[in-house]
1. What tally of residues in the range 241-282 results from selecting those that are among the aliphatic types (A, V, I, L, M), surrounded by 18 or more Cβ atoms within 10 Å (Cβ to Cβ) and modelled with pLDDT under 80?
2. Sort through Ser185, Ser174 and tell me the only one that's open to solvent by 40 Å² or more (accessible area, probe 1.4 Å) and either among the polar types (S, T, N, Q) or at positive phi (or both).
3. Consider Tyr334 carefully, then state whether it is of a type in the set (Phe, Trp, Tyr), in a helix (DSSP H, G or I) and modelled with pLDDT of 85 or more.
4. Restricting attention to the range 61-106, and to residues there that are surrounded by 20 or more Cβ atoms within 10 Å (Cβ to Cβ) and among the hydroxyl-bearing types (Ser, Thr, Tyr), which single residue is farthest from Leu297 (Cα to Cα)?
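The values are calculated or read from the model by the stated rules, or taken from the named source; none is laboratory data. A quick note: this is a predicted structure, and the numbers were derived from the prediction, not measured. Every residue, glycine as well, gets a Cβ built from its backbone with ideal geometry; the counts of neighbours run over all protein chains shown. Ligands, DNA and RNA are excluded from the accessible area calculation, which covers all protein heavy atoms including side chains. Shrake-Rupley method; radii C 1.70, N 1.55, O 1.52, S 1.80 Å.
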Amino acid sequence: MGAGGIQNALDIDSTAEAGSYLDQGRYGYFSLLIQQLNRKQQVSYRLTDLHQVLPLVDPTKDTWISQAEFLLPNRRVVNLARIGLLFVDVDTYRMPWAKGRTPDQQVDSFLYFCEQAGVPQPSLVIWSGRGLHAKWLLDGTLPRQALPRWNACQRFLVDLLHETGADPRAKDASRVLRLVDTVNSRSQQVARVLHITSGTDDKPKRYDFEWLCEMLLPMARWDLEKAGKKRKNRLSLVSDLAGKGQRSFSGRRLAWDRLEDIRTLQKLRMLKGGKEKDGKVKAGERMSLLFWQMNFLLLSGATHSGGLWHEAAELARQMDPNWGYRSSELSTLYRKARAFEAGEKVEFNGRRYPPLYTPKNDTLISLLSIGDDEQKQLKTIISRSESRTRDRLRKEKKRRAAGVVDRATWEASALSQTKPWEALGMSRRTWYRKGKPAVN
């Protein structure tokens, strides 16, 4: 057993392991992916049913479980509700360093590598039958709004542990990993917990997410520079800030927020009524909304080209369950996503941009016909006038919080003390009517 582990690791069953990062007391869903003959079947359940469902899983079948919680019974990242861990999927069966070593010896070597790389010890390490699943449990689940920062931390963690065999494709929030106590048909070995790093309460250690970010992100940058592999942020997005005073965003953060804005816009239009009273998006608006949601989802780094079709199908279903959109209309976006992931750039007017689209706010407002009332419900896709209005209201609120009164109140208070109308021999009402003449 690796350093910091406790001896009852093998006693952790599937329900206890999954319950360490899936909250059975909350609303939401988790998903199982089960091998059924020649195909895989996905089934989603309520979180509250976790302790009832997992003991009924057939341990002789390959089974995987989602690592995050979802708002709908579908593990697409667009439905993400919360996530409570970081993880890496280590394919040790491919790595020369792991050949001839038992699972326990592989765990010890992995923990030693983490220590040498300055990576905190994982809360759990699971033998998957052909490799290791290392998990860092968080002391609280992160909401979907935090996904861009989670993605950044997850990406750097996988980069840091690349030499151990960490799978670079297994780092998205919709990922499923093998369920404990089920067989891996390729090796005929059962997935099981091999290591637990215990906290002060003798339970698996939990980490503050911000602390992990501070530990991992600077170190990942330093590690890449030291190895001569310094990367520029290939996923950067040209920030189109709609006016002075609007807070700046990182490229991924801005892309995710724009995706959320378009989803909000979609909900507003579905609730508006008009000709469409069946909770569906009008036929003429669907493809445009789907296209731009997928563009910003890819720019945010929350999914990749391989997941484009699954995510698009879920978004289309939410607009209209019977809508059979033409996949060919997203084929250009797919090609751009592949180029984006390869780090390619396109040049325009002497500047280099990502292959995916980075339109200005005014362009999006025009393309999606976003009205002034709709903009008031959005976060980032707003006009310059709306941005100036928000900036003015924000500054005014800040002044009021600091105790500064508005001009009318200040003026009324000051005049009640000086009473200039008395010096002019007139009433207050007459003084105001005559335009507040000065006392000579």
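1. The total comes to 1.
2. Every option except Ser185 fails the conditions.
3. Yes.
4. Thr92
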